[in-house]
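Student: One structure follows; several queries about it will come next.
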Amino acid sequence: MWNKKGIIISPDKTKWWNYTHGMLPTPVYVGEDLYKIYYSGRDKNNVSHIGYSVVEIKNESIIELFKSENPILSPGERGCFDDNGVTPSCVIDNKLYYIGWNSGTTTYRMSLIMGLALEGDKGSFSRNSRAPLFNKTNREPFGILTAPYVIKDKGIYKMWYVSGEGWINKDLPKYNIKYAESPDGINWNREGHIAIDLLENETALARPCVLN
């Protein structure tokens, strides 16, 4: 049974990066009753940045204590895979896996490819690379390689992620969920293995979440 708790985190127009929106909340347990919730807000230009709020969960209540003054990750350089915006997808160990947004072309509407940022001192994050974590391949050529969820099982990083299977038209992609493994969470063994496939008349399976 789920109990609705109402709005927990709202946009804050005093924060330039969180003028609107609070997309894809990604929680990390801090300790005691505290959680850090990463999410993407949007600035006045409708561009998404990743920041966070710290919330307290206690006695059946959830209270936002504060949110970051500035984003911990902003869009990449012009021409990079994430220059239109960034959105969190999963945080594990010191690794933030995120979605990089990029506008499309005359034949497809958008490109969504995952990136990786590593946590440094005092909660700061920096890109592991200006390039995406997964590149296009002959098996996965469509520019939708995104929304990863990663767990660590017996020393092996295991990822379930959204993967494009084609475009029905310019505005309608098809994508399912595939699986990959890594010894370090950075270098991945990926063969396009389908974890959950589309059923008849389905076009999209998105943002997996796995509990182990």
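Student: Could you work out Rg/(2.2 N^0.38 Å) for the range 98-204, with Rg from alpha carbons only? All intermediate terms of the calculation are to be shown ahead of the outcome.
Tutor: Numbers: Rg = 14.7 Å, N = 107, 2.2 N^0.38 = 13.0 Å.
Working it through for the range 98-204, the quotient is 1.13.
Student: Same structure, new question: Over the range 10-69, what is the relative contact order in whole percent, taking alpha-carbon pairs under 8 Å and six or more residues apart? Intermediate values should be presented prior to the final figure.
Tutor: Numbers: 126 pairs, mean separation 15.5, N = 60.
For the range 10-69, the relative contact order is 26 percent.
Student: Then there's this: Would you mind computing Rg(Cα) / (2.2 N^0.38 Å) for the chain, counting N as its residues? Each step should come with its number before you reach the end.
Tutor: On the way: Rg = 17.4 Å, N = 212, 2.2 N^0.38 = 16.8 Å.
This ratio for the chain stands at 1.03.
Student: Determine the dipole magnitude for the chain: charges of +1 sit on the beta-carbon of Lys and Arg, -1 on that of Asp and Glu, nothing else is charged, the reference point is the Cα centre, and the result goes in debye to the nearest 20. Walk me through the intermediate numbers first.
Tutor: Details: 25 positive and 24 negative charges, 75 e Å.
Dipole size: approximately 360 debye.
Student: Please list, or write none, the lysines whose alpha carbon is within less than 16 Å of the alpha carbon of Lys58, excluding same-chain residues fewer than 8 places away.
Tutor: Here the lysines satisfying the reach criterion relative to Lys58 are Lys4, Lys5, Lys36.
Student: Continuing with the same structure: What are the ³J(HN,Hα) couplings of the range 194-211, residue after residue, when phi is run through the Karplus curve with 6.51, -1.76, 1.60 and θ = phi - 60°? Round to Hz, x for glycine and proline.
Tutor: Residue by residue, the range 194-211 yields 7, 8, 9, 9, 6, 8, 4, 6, 8, 10, 8, 10, 9, 6, x, 9, 10, 10 Hz.
Student: Right, something else. Give the peptides 53-59, 165-171 in descending order of average Cβ contacts within 10 Å, highest first. Provide the component values of the computation, followed by the final result.
Tutor: Details: 53-59: 15.4, 165-171: 12.6.
With the highest mean Cβ count within 10 Å placed first, the list reads 53-59, 165-171.
Student: If you don't mind, another one. If the only charges are +1 at each Lys and Arg Cβ and -1 at each Asp and Glu Cβ, what is the size of the charge dipole of the range 127-175 around the Cα centre, to the nearest 20 debye? Before the final figure, lay out the partial values.
Tutor: On the way: 9 positive and 4 negative charges, 45 e Å.
The calculated dipole for the range 127-175 is roughly 220 debye.
Student: Output ³J(HN,Hα) for the range 6-15: one whole-Hz value per residue in order, computed from phi by the Karplus curve 6.51 cos²θ - 1.76 cosθ + 1.60 with θ = phi - 60°, and x for Gly and Pro.
Tutor: Result, rounded to whole Hz: x, 6, 9, 10, 10, x, 9, 5, 7, 9.
Student: Here's something else I'd like to know. Give me the distance between the Cα centres of the range 129-165 and the range 69-123, rounded to whole Å.
Tutor: Taking the Cα centre of each part, the range 129-165 and the range 69-123 sit 13 Å apart.
Student: Run the numbers on the chain and let me know its relative contact order in percent, using alpha-carbon pairs under 8 Å that are six or more apart.
Tutor: Numbers: 517 pairs, mean separation 24.2, N = 212.
This gives 11 percent for the chain.
Student: Next up: For the chain, modelled as a Gaussian network with Cα springs under 10 Å, which listed residue fluctuates most, Tyr52, Tyr98, Tyr108?
Tutor: Maximum fluctuation in the GNM of the chain, among the listed residues, is at Tyr108.
Student: Output ³J(HN,Hα) for the range 39-44: one whole-Hz value per residue in order, computed from phi by the Karplus curve 6.51 cos²θ - 1.76 cosθ + 1.60 with θ = phi - 60°, and x for Gly and Pro.
Tutor: 6, 10, x, 10, 7, 5
Student: Something else now. Determine the dipole magnitude for the range 74-135: charges of +1 sit on the beta-carbon of Lys and Arg, -1 on that of Asp and Glu, nothing else is charged, the reference point is the Cα centre, and the result goes in debye to the nearest 20. Could the numbers behind the result be given before it?
Tutor: Working: 6 positive and 6 negative charges, 28 e Å.
Once rounded to the nearest 20, the dipole reads 140 debye.
Student: Here's something else I'd like to know. Under the Kirkwood approximation for Rh and a Cα-based Rg, what ratio Rg/Rh is obtained for the range 109-148? It would help to have the intermediate numbers written out before the result.
Tutor: On the way: Rg = 12.5 Å, Rh = 11.5 Å.
That ratio is 1.09, to two decimals.
Student: Per residue, what volume in Å³ does the convex hull of the Cα atoms of the range 10-69 enclose?
Tutor: Values: hull volume 4.4 nm³, N = 60.
In the range 10-69, the Cα hull volume divided by residue count equals 73 Å³.
Since every read-out is calculated from the coordinates, none of them should be taken as a lab result. Bear in mind the structure is a predicted one, so any value in this text is a computation, not a measurement. Neighbour counts run over all protein chains shown; Cβ positions are idealised from the backbone, glycine included.
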